[in-house]
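*Asks:* My structure is below; once you've seen it, I'll send some questions.
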Amino acid sequence: MSDEDDQVTCAECGFENPLEAERCQNCGADLPAAFAENLLAQVPGQEPFINKARITPAQQVHLRLLGEMLAVEGQALLLGISPRRAGYTTLRIGTSLVLFLVLLFSLLANKPVFTHPSLTSEALEARQLVYALTPGAPVLFVVDYQPGFSGEMTRLGQGVLAHILAQRAYPVFLSTHPTGPAQAEVFITDLGINTGIAYLTPDQYLNLGYLPGGPSGLLSFSQAPQQVMPLTADGNSAWQDPPLQTIQSLSDFSLVLVMTEDPDTARTWIEQAGPQLQGKPLMLLLSAQAEPSLRPYLESGSGQVQGMVSGVSGGVAYQDSAVFTLQSDTSGITWSAYSLGLWVGAILLLLAGLYGVFRLVREQENELSRGDKP
Amino acid sequence: MTWSSFSSADQVGMVIGFLLTLSVFSYLLRDNVLFRLVIHIFIGVATAYVAVVILYNVVWPQLLLPLGSGDPGTILLVIIPLLLSILLLARAFPRLSSAGSPPLAFLVGVGAAVAIGGAITGTIVPQVLAAINAGVTQTTFPGATRNWMDAVNWGVILLGTLATLAYFHFSARLRNPGQTPSRAAWIEEIAGVGKLFIAITLGAIFAGVYAAAMAALVERMDAMVQFLQALLAK
């Protein structure tokens with residue numbers, strides 16, 4: 001818009017047009033009011049209402065850019081079909097086949113090739129926390145992992161849960177995932193099969209079920225567990241019997257244990273539940289994929305996380321170090337096959353990386369040799 | 001274990017698990033109808049299960065039971081979320097969708113406030129304080145910690161933090177007309193170091209993801225081997 005109230009400047013050619021003009025009288029381009037009207041007409045459900053808008057030249061340019069973006073947004077982009085890479089399918093199938101055969105061989109051979117790992121310092125601290133539990137001590141056991149990770153998480157958590165039950169503490173299961181309550185039941189049933197003990201609810205454990213609401217729900221539960229989760233997963237009253245009668249807040253639990261594969265879920269527990277714990281320990285049972293993101297909470301010395309067991313290796317080491325026995329390889333994965341799989345994967349990655357470097361060097365040499373030719 | 005030692009339910013579960021796992025593995029050859037069938041089954045079953053859990057674990061005990069309690073105070077407390085829920089359902093109908101805005105705004109507002117508050121008090125402040133404390137211990141009180149490895153560790157953390165922050169510093173200045181705007185040379189140098197730290201971090205996360213995926217693969221293969229062994233055992 002020009003300084004004069006009765007003229008409008010064309011953003012394309014700078015010609016001064018009368019205010020009522022919809023198009024530039026010099027170059028024919030849309031003037032701001034008409035342009036904004038056209039733009040709005042492209043938005044479904046919007047009635048054009050701008051008329052004779054006072055828009056600066058800079059705003060006119062922004063409007064034009066926005067218009068171009070909107071116009072492109074509605075267009076289907078034609079994706080260039082990349083040429084089929086020769087041998088790509090063969091390479092994919094071949095790699096998978098190598099991995100499958102190695103794992104199959106290891107599982108069928110069923111001979112220990114790799115020695116079990118030893119306990120890490122953080123897993124040692126976790127074990128000390130469980131050893132400190134007294135009979136009847138309530139332990140909040142959060143089962144917050146996706147079903148797809150049950151292979152790793154079962155192997156990781158069974159030793160810890162068996163240890164908690166061996167201490168005669170009282171695990172209370174909770175989940176912020178809808179599938180969590182069922183997984184908790186499967187988890188403890190599998191443990192019962194492995195230990196030869198049938199664990200019964202509500203005598204030896206309790207399943208509170210699904211906690212909705214994300215971070216807000218978690219914060220509410222931390223402050224008033226009895227009000228937020230009045231019933232168990234199977235619809236019974238949750239807090240009437242000992243040892244849960246005295247629980248008024250999260251800090252009344254002797255230990256809070258979060259088992260997850262998702263760093264964000266663990267972070268939410270640390271952030272929302274941590275301040276309510278008032279010195280009571282928070283322990284993490286983590287998938288190997290979540291561990292690097294959450295290690296700072298343990299190692300910073302802030303006391304937010306006081307024990308951590310991670311990955312299959314952590315679970316195996318914890319199981320080996322405990323005083324109880326599990327028939328460990330009757331269900332779940334075997335340590336040797338897992339280790340072998342990791343080694344094979346690492347070797348394949350290394351070979352692929354070396355091949356990539358070799359190919360890059362060769363291409364550069366070819367380019368150089370082409371450049372030398374006249 | 002032999003096949004007959006399993007219960008009928010276990011046998012059905014094992015057969016279904018075996019077939020579904022094979023169907024998922026068939027994706028290695030190419031995208032096919034079996035793989036898509038499994039994906040559809042998974043999404044359908046998961047959605048139905050979640051619906052049942054929410055009805056049984058949330059709607060029934062936390063909404064319907066209190067409504068039927070007969071206690072006016074409890075009923076009053078439940079009526080507010082009930083009304084908000086009904087308004088939220090209006091989002092499904094275009095003509096009434098504006099009625100769903102207040103509960104949606106409430107949900108987003110409360111959720112964001114709780115999440116941001118938690119992130120500040122639960123992550124940013126404790127982590128910054130811990131980093132500062134580690135540095136103060138190393139520099140101000142040299143007698144307190146004589147472990148040189150801790151000092152090196154703290155130095156690496158400090159360098160990594162600063163360099164990574166520099167990498168995400170995207171302000172650029174147009175230094176010469178006609179040229180592309182660019183960052184200051186010293187920021188570019190530090191950002192290069194930050195890139196290295198980011199690459200190492202992503203590498204560590206990738207290794208973890210690979211380990212978790214390997215655990216899932218071995219567990220599935222173990223289940224298949226056990227199934228076949230049970231089937232073939234006399």
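The values are calculated or read from the model by the stated rules, or taken from the named source; none is laboratory data. The structure displayed is predicted, hence computed values, not measured ones. Neighbour counts run over all protein chains shown; Cβ positions are idealised from the backbone, glycine included.
*Asks:* Within the stretch A:235-255, restricting attention to residues that are within 14 Å of chain B (Cβ to nearest Cβ) and surrounded by 15 or more Cβ atoms within 10 Å (Cβ to Cβ), which residue is modelled with the highest pLDDT?
*Replies:* A:Leu250
*Asks:* What are the residues in the stretch A:287-312 that are of a type in the set (S, T, N, Q) and facing chain B (nearest Cβ under 8 Å), if any?
*Replies:* So the first thing to find is which residues in the stretch A:287-312 are of a type in the set (S, T, N, Q), and the list is A:287, A:289, A:293, A:300, A:302, A:304, A:306, A:310.
Once the filter is applied, which keeps residues that are of a type in the set (S, T, N, Q) and facing chain B (nearest Cβ under 8 Å), the stretch A:287-312 yields A:Ser287, A:Gln289, A:Ser293, A:Ser300, A:Ser302, A:Gln304.
*Asks:* Let me ask something additional. Taking the residues in the stretch B:146-174 that are at pLDDT below 80 and surrounded by fewer than 11 Cβ atoms within 10 Å (Cβ to Cβ) as candidates, determine which candidate is nearest to the chain's Cα centre (by Cα).
*Replies:* So, considering only residues that are at pLDDT below 80 and surrounded by fewer than 11 Cβ atoms within 10 Å (Cβ to Cβ), the one nearest to the chain's Cα centre (by Cα) is B:Met149.
*Asks:* From the list A:Pro178, A:Pro225, which residue is within 12 Å of chain B (Cβ to nearest Cβ) and in contact (Cβ under 8 Å) with a residue 24 or more places away in the chain?
*Replies:* Testing whether each residue is within 12 Å of chain B (Cβ to nearest Cβ) and in contact (Cβ under 8 Å) with a residue 24 or more places away in the chain leaves just A:Pro178.
*Asks:* Do you know which residues across the stretch B:86-109 are at pLDDT 90 or above, exposed (fewer than 15 other Cβ atoms within 10 Å of the Cβ) and within 12 Å of another protein chain (Cβ to nearest Cβ)?
*Replies:* B:Phe106, B:Val108, B:Gly109
*Asks:* Give just the number: which of (1) at pLDDT 90 or above; (2) not in a helix (DSSP H, G or I) does B:Leu22 not satisfy?
*Replies:* Exception for B:Leu22: condition (2).
*Asks:* Go through B:Val12, B:Val38, B:Val59, B:Val78 for me and flag whichever is without any contact (Cβ under 8 Å) to a residue 40 or more places away in the chain, within 12 Å of another protein chain (Cβ to nearest Cβ) and either surrounded by 12 or more Cβ atoms within 10 Å (Cβ to Cβ) or in a helix (DSSP H, G or I) (or both).
*Replies:* Numbers: B:Val12 fails: within 12 Å of another protein chain (Cβ to nearest Cβ); B:Val38 fails: within 12 Å of another protein chain (Cβ to nearest Cβ); B:Val78 fails: within 12 Å of another protein chain (Cβ to nearest Cβ).
Within the list B:Val12, B:Val38, B:Val59, B:Val78, the selection yields B:Val59.
*Asks:* Can you name the condition, by its number, that A:Thr134 falls short on among (1) closer than 30 Å to A:Gly303 by Cα; (2) surrounded by 14 or more Cβ atoms within 10 Å (Cβ to Cβ)?
*Replies:* Checking A:Thr134 against (1) closer than 30 Å to A:Gly303 by Cα; (2) surrounded by 14 or more Cβ atoms within 10 Å (Cβ to Cβ), the one that fails is (2).
*Asks:* On to the next question. Taking A:Ser331 and the conditions (1) closer than 30 Å to A:Val316 by Cα; (2) surrounded by fewer than 20 Cβ atoms within 10 Å (Cβ to Cβ); (3) modelled with pLDDT of 90 or more, which numbered condition does it fall short on, given that it satisfies the others?
*Replies:* Going through (1) closer than 30 Å to A:Val316 by Cα; (2) surrounded by fewer than 20 Cβ atoms within 10 Å (Cβ to Cβ); (3) modelled with pLDDT of 90 or more one by one, A:Ser331 breaks only (3).
*Asks:* Shifting gears a bit: Which pairs do you get when a residue that is touching a residue at least 60 places away in the same chain (Cβ under 8 Å), found in the stretch B:156-181, comes within reach of a residue that is surrounded by 14 or more Cβ atoms within 10 Å (Cβ to Cβ), reach meaning Cβ atoms under 8 angstrom, with the pair 6+ apart or on two chains?
*Replies:* Going by the 8 Å Cβ cut-off, there are no qualifying pairs.
*Asks:* Right, here's the next one. Within the stretch A:89-114, track down each residue that is more than 11 Å from chain B (Cβ to nearest Cβ) and at pLDDT below 80.
*Replies:* Across the stretch A:89-114, the qualifying residues are A:Lys111, A:Pro112, A:Val113.
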